[in-house]
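A.B. asks: Below you will find the structure I want to go over with you.
The values are calculated or read from the model by the stated rules, or taken from the named source; none is laboratory data. As the structure is a computational prediction, the values presented were derived from the model and not from experiment. Neighbour counts run over all protein chains shown; Cβ positions are idealised from the backbone, glycine included. The accessibility values were calculated without ligands, DNA or RNA, using every heavy atom of the protein model including side chains. Shrake-Rupley method; radii C 1.70, N 1.55, O 1.52, S 1.80 Å.
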Amino acid sequence: MAANSFMVPLGTPAPAFDLTAISGGSVSLADLKGSPATLVAFLSNHCPYVRHIEDGLGRLAADYGARLSVVAICSNDSVNYPDDDPTHLAEQAARAHFTFPYLLDDTQEVAKAYRAACTPDFFLFDGQFQLVYRGEFDGSRPGNRVPVTGASLRAAIDAVLEGDDVPGEQNPSLGCGIKWKPGNAPA
């Protein structure tokens with residue numbers, strides 16, 4: 001069932017994290033310090049909404065290169081959704097040409113801290129880790145025939161990189177609800 005992002009208030013500070021990467025090691029929010037813009041993307045492998053835009057996300061990250069720090073986080077219950085286990089996430093990262101760390105939120109505490117609701121769910125922070133954009137990648141959805149361009153997210157990234165204000169009117173992301181472990185869903 002499709003879910004919309006919660007539209008966390010702009011200006012919210014990025015919650016800290018330190019998570020295991022599917023490629024080994026760990027990545028923390030502090031590791032991303034110094035970038036003029038940081039994108040935290042909640043993704044999964046099995047969701048058709050993520051699969052619809054994953055190549056576009058890979059291109060977006062490549063296009064911005066070092067000017068944008070990107071991390072993807074999978075918070076789904078991989079026991080009940082085995083397509084979201086580390087092996088399948090690694091296959092997705094290769095398929096979509098992800099050049100950024102893909103992290104595992106096994107406790108689901110990071111998803112709760114960010115108030116992530118769906119996959120994909122995007123959170124863009126400025127150089128001080130203040131939220132400046134949350135919402136959709138673009139207006140494309142599976143089956144609506146709108147091209148996948150990343151236009152909404154790219155406009156926000158461009159504004160941050162140019163030192164401009166990101167428009168406050170933003171559209172929520174739409175995707176598969178996060179697959180919470182039993183008893184873990186936020187109240």
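A.B. asks: State the percentage of accessible surface on region 50-187 attributable to carbon and sulfur atoms; use a 1.4 Å probe and exclude ligands, DNA and RNA.
C.D. replies: Ligands and nucleic acids excluded, carbon and sulfur give 51 percent.
A.B. asks: Please report, in whole Å, how far the alpha carbons of the chain spread along each principal axis, starting with the longest.
C.D. replies: Here the Cα extents, ordered largest to smallest, are 43, 39, 35 Å.
A.B. asks: If you don't mind, another one. Quick one: Debye curve from the C-alpha atoms of region 48-116, no solvent, what's log10 I(q)/I(0) at q = 0.13, 0.16, 0.17, 0.18 Å⁻¹?
C.D. replies: -0.39, -0.59, -0.66, -0.74
A.B. asks: I'd like to check one number: the per residue accessible area of the chain, probe 1.4 Å, reported in Å² as a whole number.
C.D. replies: For the chain, the solvent-accessible area averages 45 Å² per residue.
A.B. asks: Cβ neighbours within 10 Å, averaged per peptide: list 161-171, 98-108, 3-13, 60-70 in order, most packed at the top. Provide the component values of the computation, followed by the final result.
C.D. replies: Numbers: 161-171: 11.5, 98-108: 19.3, 3-13: 14.6, 60-70: 16.2.
Top of the packing list down: 98-108, 60-70, 3-13, 161-171.
A.B. asks: Further question on the same structure: In Å, what Kirkwood hydrodynamic radius results for region 37-79 from the alpha-carbon pair distances?
C.D. replies: One decimal place: 11.3 Å for the Kirkwood radius.
A.B. asks: Could you check what % of the DSSP bridge pairs in the chain are antiparallel, to the nearest 5?
C.D. replies: 70 percent
A.B. asks: Further question: Place a +1 charge on the Cβ of each Lys and Arg in the chain and a -1 charge on the Cβ of each Asp and Glu, then give the dipole magnitude about the Cα centre in debye, rounded to the nearest 20.
C.D. replies: Working: 13 positive and 22 negative charges, 52 e Å.
It works out to roughly 240 debye.
A.B. asks: While we're here: By residue number, which cysteines of the chain lack any other Cys whose Cβ falls under 4.7 Å from their Cβ?
C.D. replies: Here CYS74, CYS118 come out as lacking a disulfide-compatible partner, given the Cβ-Cβ threshold of under 4.7 Å.
A.B. asks: Something else about it: With viscosity set to 0.692 mPa s at 37 °C, what whole-number translational diffusion coefficient in µm²/s follows for region 8-72 from Stokes-Einstein and a Kirkwood radius over Cα pairs?
C.D. replies: My calculation gives 245 µm²/s for D.
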